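Let me begin by presenting the structure, written as structure tokens, before commenting on it.
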Amino acid sequence: MGAKKKLFVCISCGTDFSKWQGKCPSCGEWNSLVETEQAAAKKPGKEKKIIPLSSIGSDEIKRIKTSLEEFNLICGGGIVPGSVILLSGEPGIGKSTLALQIASGFKCLYISGEESPAQLKQRANRLDICSENILVSTNTCTEDISSFVESEKPECVIIDSVQTLYSSDIPGSAGSVSQIKEASARIIEIAKKSGIPAILIGHITKEGSIAGPKLLEHIVDTVLHFEGDFTREFRMIRASKNRFGSVNEVGLFRMTPIGLLEIKDKNNLFLNISALSPGSAISAAIEGSRTLLFEVQALVTFTSFSNPRRMSDGLDFNRLILLTAVLEKHGYIKLNSHDIFINCAGGFHIHETAADLAVAMSVASSLKEKPIPKDTGFLGEISLSGEIRPVTQCERRVIEFSKSGFKKILVPAADGYSIHIPDNIDIVKVKTIYDAINSIF
Ligand SMILES: Nc1ncnc2c1ncn2[C@@H]1O[C@H](COP(=O)(O)OP(=O)(O)OP(=O)(O)O)[C@@H](O)[C@H]1O
Ligand SMILES: [Mg+2]
């Protein structure tokens, strides 16, 4: 018998090659090729029928509602039967906790490849989950999972985690690229055939991407990322892909000893208005169907280095560099001998340029050591020429400010850009970053 053929698979795009190369010729990623053994050739499929699209029944999808409303929201209203959800997150963020809480609602097959049944039971006791409908197995072989699904007919399958999954006829140990790729594909096949949804839990690498081939994200229906700050109790779940719903929604939770609790008062979650000091500015972000107010904090200090430092937590670093340059050139604020540190309160992450004005104003406020009045909010994107550019759904954001008792909002003053103004709020239209600084300080 000849030796098994070696293959090199790109963990970024999933393409395989017979030789190792420093750069993947397919996706251009560097150092992404890992050695693996060739999987057995696929047998021809049994399904030989071709059917016209029009003859396929179109019953309305009946989504499965879990006991966590926030989770239902990010899935687009509930879990779609037969769909496969990939839930990823850093070690210890709470993936298994969430999975167990989801499982508590219905008959569920929980494949625990990382923890023993006793450890799982310990968590279940802490979360006060004692359901005889949760069936636990530590067998992570896909062939066995398939027979469990056939015999037990659960309403949902949870695989904790996809890195422990393996298929007996695929070479390579569990966790290798070929195993993750093929074994997950088999779970997807089981889900599609039986109509039973599956939740795959995945680890993420140091760089923040899901461990295993990028291909995994392409073949599942929904990709959810569990985010949060370990020093705080807030946890966010964000969808980066959803075949059955919007990807803009975020689910907000609080990690407690009794598990993940849904946060009811979401609007002021990332605010600490009573303690506003120099360097704090507030903006509003649109997160799916929600509008969240959040606080940007800046610390500007005199530097003792020849190259001043810029650091940001919750804001893209390059965006900070760009805003600093605009502030210098068009806001006439000298920052080249100052270190700048940016932080978003409560572990919030800025994803929109609508927060540019708040970031710039927080920097100006810290440098001038003058606090911004606590009932003032900022909306606006800053262009390279120092102009304040319009933001999407400005009205919705202003209404949220008004609901939270804000009295004055600085908004873009672009031509042909009008917003309906609530009566109890003072709208100040600003054209440039220089105007904005002058109107506050
Ligand atoms: N007794 C406790 N009281 C409060 N919080 C706890 C307690 N035990 C665990 N936790 C929280 O649960 C988290 C671990 O949750 P969980 O095991 O679900 O994470 P995970 O993402 O599955 O981790 P892993 O990647 O190791 O599988 C801890 O980081 C901690 O925040
Ligand atoms: Mg876990």
Practice problem: Evaluate the distance, in nm, between pseudo-label points positioned 7 Å from the Cα of Thr256 and of Asn336 along their respective Cα→Cβ axes. | Solution: 5.4 nm
Exercise. Subtracting the Cα-Cα distance from 0.36 nm times the residue separation, let me have the gained length for Asp169 to Ile50 in nm, one decimal.
Key: 39.9 nm
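Rounded, prolate or oblate, given the Cα gyration tensor of the stretch 63-262, with a/c below 1.5 counting as rounded?
Values: a/c = 1.32, a/b = 1.19, b/c = 1.11.
Rounded.
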Practice problem: First measure r as the distance between the Cβ atoms of Asn438 and Arg290, then evaluate 1/(1 + (r/R0)^6) with R0 = 41 Å and state the FRET efficiency to the nearest 0.05. | Solution: 0.80
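How high is the relative contact order of the chain? Use alpha-carbon pairs under 8 Å, at least six apart in sequence, and give a whole percent. Show your work: numbers first, answer last.
Values: 933 pairs, mean separation 52.9, N = 441.
Contact order relative to length: 12 percent.
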Quiz item: What dipole magnitude, in Debye to the nearest 20, does the chain give about its Cα centre under +1 on Lys/Arg Cβ and -1 on Asp/Glu Cβ?
Solution: 560 debye
Exercise. For the chain, just list the percent of Cα-Cα distances falling in each 20 Å bin from zero outward, please.
Key: 22, 45, 29, 4, 0
Quiz prompt | Cβ-Cβ FRET estimate between Lys193 and Glu352, R0 fixed at 30 Å, reported to 0.05 | solution = 0.15
Self-check item: Shape of the stretch 120-194, Cα gyration tensor, a/c cut at 1.5
Solution: oblate
Quiz item: In nm, to one decimal, how far is the modelled label at Lys214 from the one at Arg310, with both set 7 Å along Cα→Cβ?
Solution: 2.7 nm
Practice problem: Normalising by the residue count of the stretch 18-146, find the relative contact order in percent from Cα pairs under 8 Å and 6+ residues apart. | Solution: 15 percent
Quiz item: Measuring with a 1.4 Å probe in the full set of protein chains, what accessible area per residue, in whole Å², belongs to the stretch 371-441?
Solution: 49 Å²
Quiz item: Of all DSSP beta bridges located in the stretch 273-440, what percent are antiparallel, nearest 5?
Solution: 60 percent
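At a 1.4 Å probe, what is the % contribution of carbon and sulfur to the accessible area of the stretch 273-440?
Values: 3780 of 7430 Å².
Its accessible area is 51 percent carbon and sulfur atoms.
Suppose R0 equals 41 Å; then what is the FRET efficiency for Lys6 and Ser58 from their Cβ-Cβ distance, rounded to the nearest 0.05?
0.30
So how much slack lies between Ser277 and Gln122, counting 0.36 nm per residue of separation and subtracting their Cα-Cα distance, in nm? All intermediate terms of the calculation are to be shown ahead of the outcome.
Numbers: separation 155, 0.36 × 155 = 55.80 nm, distance 4.44 nm.
Taking 0.36 nm per residue and subtracting the Cα distance, the gain is 51.4 nm.
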Self-check item: Distance violations [Cα-Cα > 30 Å] among Lys5/Lys193; Lys6/Lys121; Lys370/Lys429
Solution: Lys5/Lys193; Lys6/Lys121
Practice problem: Using just the helices of the chain, give the 222 nm mean residue ellipticity in deg cm²/dmol: DSSP H runs with n ≥ 4 each add -39,500 (n - 2.57), and the total is spread over all residues, rounded to 500. | Solution: -7000 deg cm²/dmol
Quiz prompt | Estimated inter-spin distance, Arg232 and Val247, nm [label 7 Å along Cα→Cβ] | solution = 2.5 nm
Practice problem: Whole Å is fine, so just give me how far the alpha carbon centre of the stretch 226-258 lies from that of the stretch 275-347. | Solution: 24 Å
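The values are calculated or read from the model by the stated rules, or taken from the named source; none is laboratory data. Since this is a predicted model, take the numbers as computed values, not measurements. Every residue, glycine among them, receives a Cβ derived from its backbone with ideal geometry; neighbour counts consider all protein chains shown. Surface areas here come from the heavy atoms of the whole protein model, side chains and all, with no ligands, DNA or RNA. Shrake-Rupley method; radii C 1.70, N 1.55, O 1.52, S 1.80 Å.
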